[in-house]
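Undergrad: What follows is a single structure, and I will ask about it in a moment.
The values are calculated or read from the model by the stated rules, or taken from the named source; none is laboratory data. Quick caveat, the model's predicted, so the values are computed rather than measured. All Cβ positions, glycine included, derive from the backbone under ideal geometry; neighbour counts span all protein chains shown. Surface accessibility is based on the protein's heavy atoms, side chains included, excluding ligands, DNA and RNA. Shrake-Rupley method; radii C 1.70, N 1.55, O 1.52, S 1.80 Å.
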Amino acid sequence: MRTVRAPATSANLGSGFDVFGVALDRPADVIRVERASRTTIDVTGVGSQYIPEDPEKNVVGAVAEALDAPAHIEIDKGVRPSSGLGSSAASAAGAALALNALYGRGLSRTELVPVAAEGEAVVSGEAHVDNVAPALLGGFTVAREDEVTTVEADIALVACLPEIAVSTRDARRVVPSHADMEDVVHTVGSAATLTVGMCRSDPELVGRGMDERLVTPARSELITGYGGVRSAALDAGATGVTVSGAGPSVLAACYPDDRRRVAAAMIDGFEDAGVEARAYQTRVSDGATLF
Ligand SMILES: Nc1ncnc2c1ncn2[C@@H]1O[C@H](COP(=O)(O)OP(=O)(O)OP(=O)(O)O)[C@@H](O)[C@H]1O
Ligand SMILES: N[C@@H](CCO)C(=O)O
């Protein structure tokens, strides 16, 4: 048997749509795998009632298939599905790392990124790597078509998860198909600023670099209370606020000493809009841990 703790992740960070991602130190899924003649899956934990146990429909089934590693797979969910916190990616990355070890496949974490992405294709129709890359590699990741670059960074974050669900599939439907050159230039500037901020572990640059006008405005409309939550977080000291992944979680960057205040302000912001929410006081962290 092998066990992996696989962290939540936040993709996009505003200016890096489908490119940027970070691993978070909490919440996380725990995946246990045991050799078997065919793949079977048990799911427990947060939101498990919404997650299929059929290997054709669960992301870990596709990962077991890709590694030719049939197993009994137990998933203890800590990352709620359809949260914008890389729930499906945590399971896919955790299963890839655990099954690779169980069957002695010898793949590196970087080589496991496209394997875990096969799982993502099961739920969103496309094999995105911007959540599975940080879940496996940790830190801040920049994912392009055929390469992933990682940087260790120490940035305090708050991820505020409201009691509403937004599926990645639905959130991709509202992404505009065209953009004004002025907005593209603005986004490139933000993405570069955010990247420098991560390299320097500078919360001011990371927060400013989250600003983006191409995708976030359309997506934020799917999140009841987004505008109020954003303002509340900024008033409480956040250096930048954006939609986490495909939403509905909202991500704020801040100084470590402001994290509690920012978390409370974001929960209150959602409450003002009539939405219950919980906040994870977190930070950019390591990738999945194999036990
Ligand atoms: N092991 C799994 N863990 C979580 N969700 C799963 C799993 N297997 C299949 N799913 C399905 O995937 C969907 C959730 O994935 P989705 O990509 O929408 O959310 P997310 O992973 O939290 O979001 P994001 O990628 O924006 O951070 C749900 O419909 C869920 O039933
Ligand atoms: N980059 C993806 C992350 C969610 O899988 C999106 O925003 O649609």
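Undergrad: Out of region 138-169, which residues are part of a loop (DSSP other than H, G, I, E, B), more than 16 Å from ligand 1 (Cβ to nearest atom) and either without any contact (Cβ under 8 Å) to a residue 40 or more places away in the chain or open to solvent by 80 Å² or more (accessible area, probe 1.4 Å) (or both)?
TA: Arg144, Glu145, Asp146, Glu147, Glu152, Asp154
Undergrad: Listed residues Ala23, Ala28, Ala92; which is part of a helix (DSSP H, G or I) and within 15 Å of the chain's Cα centre (by Cα)?
TA: Every option except Ala92 fails the conditions.
Undergrad: Taking region 112-137 only, how many residues are hydrophobic (A, V, I, L, M, F, W, C), more than 19 Å from Pro55 (Cβ to Cβ) and open to solvent by 10 Å² or more (accessible area, probe 1.4 Å)?
TA: Residues that pass the stated criteria total 2.
Undergrad: Arg105: open to solvent by 20 Å² or more (accessible area, probe 1.4 Å), assigned to a loop (DSSP other than H, G, I, E, B) and among the basic types (Lys, Arg), yes or no?
TA: On the way: open to solvent by 20 Å² or more (accessible area, probe 1.4 Å): yes; assigned to a loop (DSSP other than H, G, I, E, B): yes; among the basic types (Lys, Arg): yes.
For Arg105, the condition - open to solvent by 20 Å² or more (accessible area, probe 1.4 Å), assigned to a loop (DSSP other than H, G, I, E, B) and among the basic types (Lys, Arg) - is met.
Undergrad: Return the total of residues in region 31-40 being out of contact with any Ser or Thr (no Cβ under 7 Å at 6 or more places or on another chain) and open to solvent by less than 40 Å² (accessible area, probe 1.4 Å).
TA: Of the residues in that region, 3 qualify.
Quick grid of which residues meet (1) within 14 Å of ligand 1 (Cβ to nearest atom); (2) open to solvent by less than 50 Å² (accessible area, probe 1.4 Å):
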{"residue": "Thr9", "(1), (2)": "yes, yes"}
{"residue": "Arg26", "(1), (2)": "no, no"}
{"residue": "Asp29", "(1), (2)": "yes, yes"}
{"residue": "Tyr50", "(1), (2)": "yes, no"}
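Undergrad: Among the residues of region 170-179, which ones are part of a loop (DSSP other than H, G, I, E, B) and in contact with a Leu (Cβ under 9 Å, 6 or more places away or on another chain)?
TA: So the first thing to find is which residues in region 170-179 are part of a loop (DSSP other than H, G, I, E, B), and the list is 174-179.
Once the filter is applied, which keeps residues that are part of a loop (DSSP other than H, G, I, E, B) and in contact with a Leu (Cβ under 9 Å, 6 or more places away or on another chain), region 170-179 yields Val174, Val175, Pro176, Ala179.
Undergrad: Filtering region 31-48 down to residues that are more than 9 Å from ligand 1 (Cβ to nearest atom) and in a loop (DSSP other than H, G, I, E, B), which residue is farthest from Ser88 (Cα to Cα)?
TA: Ser37
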